[in-house]
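Contents: one structure, followed by commentary.
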Amino acid sequence: MKKAKYLILSALFMASFSGFAQKEYKFSVDLTKPQDDKLTVELETPPLRGKSVIYHLPRIVPGTYSINNYGSYVSNFKAFDKNGKELKVEKLDKNSWRIAKAKKLSRLSYQIDDTWDTPEIEEDVFEPSGTNIEEGKVFVLNTFGLFGYFQGMDRLPYRVNITKPTGFYGSTPLVNQNKDGNQDLFVTEDYHELADSPMMYNRPDTVWLKVGNADILVSVFSPNDKFATKDLAADIKPTLEAQKNYLGGTLPIDKYAFIIYMSDDQNLTRYGALEHSKSSFYYLPETFSAAQLSKSIKDIAAHEFFHIITPLNIHSEEIGDFDFINPKMSRHLWLYEGLTEYASHHAQLRAGIIDLTTYLERQADKVESARTRFTDSLSFTAMSSDVLEKYKDEYSNVYEKGALIGLSLDLRLRQLSGGKYGTQDLMRDLAKIYGKDKSFKDAELFDKITELTYPEIRDFFRRYVEGGEPLPLKELFAAIGIDFVAMGQKQEVEKAFGVSFALLPGTRSILISSTEEETDLSKRLGLEELDQIVQLNGQPFDADTYATVLQDYEENYKLGDEVSFTVQRKMPDNEIKEVKLTADLQAVTVPFPTFTPLDSATPQQLALRESWMGRMAQ
Ligand SMILES: [Zn+2]
């Protein structure tokens with residue numbers, strides 16, 4: 001994401017000749033003085049020319065594939081000349097301000113609200129790509145939510161000065177140039193590097209890991225101290241070791257930061273992470289159990305960390321020279337997100353962190369999601385190119401079908417090469433040809449991969465990635481002695497009730513508002529509409545407790561366990577009676593994709609499977 005050394009060289013050249021001030025942005029933010037949950041951003045501008053100039057905050061940033069309008073969170077925008085006289089500013093749209101008399105401009109000042117808790121601003125910014133201000137506690141500074149650039153001048157250097165509260169530490173992939181006192185100074189080559197570097201300021205709980213030759217920072221903010229960084233670091237470390245081996249024994253980075261914010265929001269509906277070149281930022285529920293968090297952090301960290309390969313080191317021009325206002329979308333989300341997701345699970349399989357059964361179960365989930373939640377016949381390249389508008393709702397299929405495309409490509413390559421070449425080799429070859437500063441042309445990638453591999457691969461891309469044919473999983477898995485049945489059957493413990501809950505008006509009590517979609521379990525229990533729930537499994541059940549009670553049920557109840565409801569029910573004679581309803585959990589058969597390793601697999605099939613798994617199947 002960093003290019004165009006030309007601009008910087010020419011800027012230095014001018015500076016040395018004319019004695020002008022250094023052409024750079026000088027930002028400062030004081031975290032000790034938020035006002036009304038807002039931070040003030042000050043900019044000493046680089047020397048400007050021309051009649052007017054346009055200042056932008058991003059409309060969109062790399063990796064989110066959605067429109068966020070960070071300018072919507074800006075208020076009180078002011079421009080000044082060197083004598084402190086205010087200059088005229090015109091707001092052009094959500095993310096753009098035109099300042100008249102550019103030549104006189106010397107300073108900008110504005111306030112930013114945080115994206116996490118400003119519901120009156122109607123943008124939907126996913127938390128890992130947002131900002132959060134909690135005075136005296138924590139500041140989440142995704143830098144693109146605070147700092148902007150002048151149109152056409154995003155390749156100048158940046159100096160960012162942050163005044164922090166005493167005892168606070170800024171976790172970021174950037175190196176602090178000022179180690180004294182409460183002032184941090186960060187210098188970046190350009191806006192792209194700054195935007196690629198999130199910061200979290202809080203009283204530190206950090207651990208440094210060494211993986212290969214890379215220094216890895218893990219920093220966690222857990223508001224109620226429920227989770228400690230050392231435990232999360234212990235979960236992350238084996239995953240990173242597995243990835244290092246998967247990538248051929250070395251990592252293409254020397255420093256990396258995992259910045260993790262745990263939210264104690266009881267009504268949290270979404271969580272996740274955003275990748276950067278040398279870091280990733282996580283927004284995870286502090287209400288998770290230790291086991292849930294351990295699994296999530298392993299899976300999400302594995303995915304985000306793999307982004308150090310693509311799109312960060314293998315990408316098209318659309319990403320290499322990212323336009324923060326009007327980006328063109330690349331057609332290769334199957335590569336950036338799909339292959340990344342595939343590799344994150346495949347590396348765990350190869351390292352023995354998960355076994356083949358678990359791996360195949362996860363793939364079955366992906367097959368089921370891809371076909372029930374998304375349009376399976378949609379061309380993946382068409383979806384990618386139009387993901388911001390037309391196919392917005394199809395985006396999440398990158399983690400489902402996108403990953404299955406990666407899996408299918410890997411198996412096809414191994415089939416064609418007799419087990420000698422797979423997607424790991426392909427990524428290594430592509431990384432050699434391209435890189436952080438060398439983009440591929442979007443339209444040429446499939447031909448390039450075909451050139452590197454086999455003519456048959458062009459046909460694979462044409463039919464299953466550009467076209468909308470269902471992936472040939474049956475045939476590909478047959479080659480490694482595993483039987484895939486798209487419409488198989490699986491046994492699962494039926495735990496869902498299929499009833500709707502509602503609040504009893506004016507109270508914290510919960511009642512059953514509909515049993516229209518009740519499950520067999522609900523029928524066996526005998527739940528009825530308008531039953532007011534008093535207890536579930538012996539625990540009080542109301543608006544304040546239901547989330548934890550349901551979570552406990554979801555996590556801990558197994559086949560054969562007794563489920564109990566205590567409800568208040570209106571009897572035919574209008575009398576209200578307390579009734580206890582019980583039923584045992586039973587298994588049901590549901591249609592589901594299945595993968596079954598065959599006992600009758602031939603030595604050739606087993607050899608190919610072994611090449612894919614990196615070891616013998618247990
Ligand atoms: Zn991703």
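Of all residues in region 273-305, those being in a strand (DSSP E or B) and touching a helix residue (DSSP H, G or I) at 6+ places or on another chain (Cβ under 6 Å) number 6. Within region 488-502, residues that are under 30 Å from Lys474 (Cα atoms) and open to solvent by less than 60 Å² (accessible area, probe 1.4 Å) have Cβ atoms under 6 Å from residues that are assigned to a strand (DSSP E or B) and among the aliphatic types (A, V, I, L, M) in these pairs: Val493/Ala587; Glu494/Val588, counting only partners at least 6 apart in sequence or on another chain. Would a scan of region 386-401 turn up a residue that is within 18 Å of Ala302 (Cα to Cα), hydrophobic (A, V, I, L, M, F, W, C) and open to solvent by less than 20 Å² (accessible area, probe 1.4 Å)? For region 386-401, residues within 18 Å of Ala302 (Cα to Cα), hydrophobic (A, V, I, L, M, F, W, C) and open to solvent by less than 20 Å² (accessible area, probe 1.4 Å): present. It is to be established whether one or more residues within region 506-514 are of a type outside the set (S, T, N, Q), touching a strand residue (DSSP E or B) at 6+ places or on another chain (Cβ under 8 Å) and under 18 Å from Ala583 (Cβ atoms). There is at least one residue in region 506-514 that is of a type outside the set (S, T, N, Q), touching a strand residue (DSSP E or B) at 6+ places or on another chain (Cβ under 8 Å) and under 18 Å from Ala583 (Cβ atoms). Which of (1) away from the ligand (no atom under 16 Å from the Cβ); (2) touching a residue at least 40 places away in the same chain (Cβ under 8 Å); (3) buried (at least 16 other Cβ atoms within 10 Å of the Cβ) does Tyr359 not meet, given it meets every other one? Failed condition: (2). For region 517-524, the count of residues that are in contact (Cβ under 8 Å) with a residue 40 or more places away in the chain, under 34 Å from the mean Cα position of the chain (by Cα) and open to solvent by 40 Å² or more (accessible area, probe 1.4 Å) is zero. Take the conditions among the basic types (Lys, Arg), open to solvent by 50 Å² or more (accessible area, probe 1.4 Å) and not in a helix (DSSP H, G or I) and apply them to Lys420. Does it pass? Considered against the rule, which asks whether it is among the basic types (Lys, Arg), open to solvent by 50 Å² or more (accessible area, probe 1.4 Å) and not in a helix (DSSP H, G or I), Lys420 comes out as yes. Answer yes if at least one residue in region 85-92 is more than 16 Å from the ligand (Cβ to nearest atom), closer than 22 Å to Ser197 by Cβ and outside any strand (DSSP E or B), and no otherwise. No. Within region 293-327, the residues that satisfy the criterion of being more than 15 Å from the ligand (Cβ to nearest atom) and without any contact (Cβ under 8 Å) to a residue 40 or more places away in the chain are Lys295, Asp323.
Residues that are among the basic types (Lys, Arg) number at least 1 in the following strands (runs of 3 or more DSSP E) confined to region 548-618: 562-570, 576-584. Give the residues of region 44-78 that are of a type in the set (Gly, Ala, Ser), more than 16 Å from the ligand (Cβ to nearest atom) and under 25 Å from the mean Cα position of the chain (by Cα), sorted by residue number. Result: Gly71, Ser72. Considering only region 460-474, state which residues are out of contact with any helix residue (DSSP H, G or I) (no Cβ under 6 Å at 6 or more places or on another chain) and either among the polar types (S, T, N, Q) or within 13 Å of Leu407 (Cα to Cα) (or both). Hits for region 460-474 are Tyr464, Pro472, Leu473, Lys474.
The values are calculated or read from the model by the stated rules, or taken from the named source; none is laboratory data. As the structure is a prediction and not an experimental result, all values here were calculated from the model. Glycine also receives a Cβ, built like all others from the backbone with ideal geometry; neighbour counts cover every protein chain displayed. Only protein heavy atoms, including side chains, enter the accessible area calculation; ligands, DNA and RNA are left aside. Shrake-Rupley method; radii C 1.70, N 1.55, O 1.52, S 1.80 Å.
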